[in-house]
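Shown next, in structure tokens, is the structure this report addresses.
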Amino acid sequence: QVQLVESGGGLVQAGGSLRLSCAASGRTFSRSYMGWFRQAPGKEREFVAAISWTGDVTYYGDNVKGRFTISRDNAKNTVYLQMNTLKPEDTAVYFCAAKGPGSLSRREQDFVSWGQGTQVTVSS
């Protein structure tokens, strides 16, 4: 399995930007499909973005499409989430997740390794 540690969260004003990072350990990272999910207080965890192990295929949730960009650097065992034009409704704990080989997915249950999460707070 892959061990994941997120960083880069914080407090930002609406309209601002943040870049989250997810550092992975484990030999299988470069062959893992990676995803970002988020969970706001009192709400279920929500799909944000996912990227294939080659980086050439990406999926986005409807709420973030056009504002967020997922990318990865397999040489650094790191996946990123660039978040632009942030809104108060983007406030949540953001989780990085890894999925084994197969196909890219938006489904939480398909991801087998999870980080501990990083808090993102967007003030209005």
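Looking at region 23-65 only, could you name the residues that are more than 13 Å from A98 (Cβ to Cβ), out of contact with any Phe, Trp or Tyr (no Cβ under 7 Å at 6 or more places or on another chain) and among the basic types (K, R)? Result: K43, K65. With the structure loaded, tell me whether G15 is under 14 Å from the mean Cα position of the chain (by Cα), at positive phi, of a type outside the set (D, E) and in a loop (DSSP other than H, G, I, E, B) or whether it fails that test. No; evaluated as a whole, the condition is false for this residue. Taken together, the residues in region 70-94 that are out of contact with any Ser or Thr (no Cβ under 8 Å at 6 or more places or on another chain) and outside any loop (DSSP other than H, G, I, E, B) amount to 5. Against the numbered list (1) more than 12 Å from the chain's Cα centre (by Cα); (2) among the small types (G, A, S); (3) assigned to a strand (DSSP E or B), G102 comes up short only at (3).
With respect to (1) farther than 14 Å from V120 by Cα; (2) of a type in the set (D, E, K, R); (3) open to solvent by less than 50 Å² (accessible area, probe 1.4 Å), the lone exception for D62 is condition (3). Taking region 73-99 as the range and being of a type outside the set (A, V, I, L, M, F, W, C), in contact with a helix residue (DSSP H, G or I) (Cβ under 9 Å, 6 or more places away or on another chain) and open to solvent by 30 Å² or more (accessible area, probe 1.4 Å) as the test, the residues that pass are N74, N77. Residues of region 30-59 that are of a type in the set (S, T, Y) and either open to solvent by 80 Å² or more (accessible area, probe 1.4 Å) or over 20 Å from R19 (Cα atoms) (or both): S30, S32, T54.
The values are calculated or read from the model by the stated rules, or taken from the named source; none is laboratory data. What you see is a predicted model, and the numbers here were worked out from it, not measured in a lab. Every residue, glycine among them, receives a Cβ derived from its backbone with ideal geometry; neighbour counts consider all protein chains shown. Note: areas computed on protein heavy atoms with side chains; ligands, DNA, RNA excluded. Shrake-Rupley method; radii C 1.70, N 1.55, O 1.52, S 1.80 Å.
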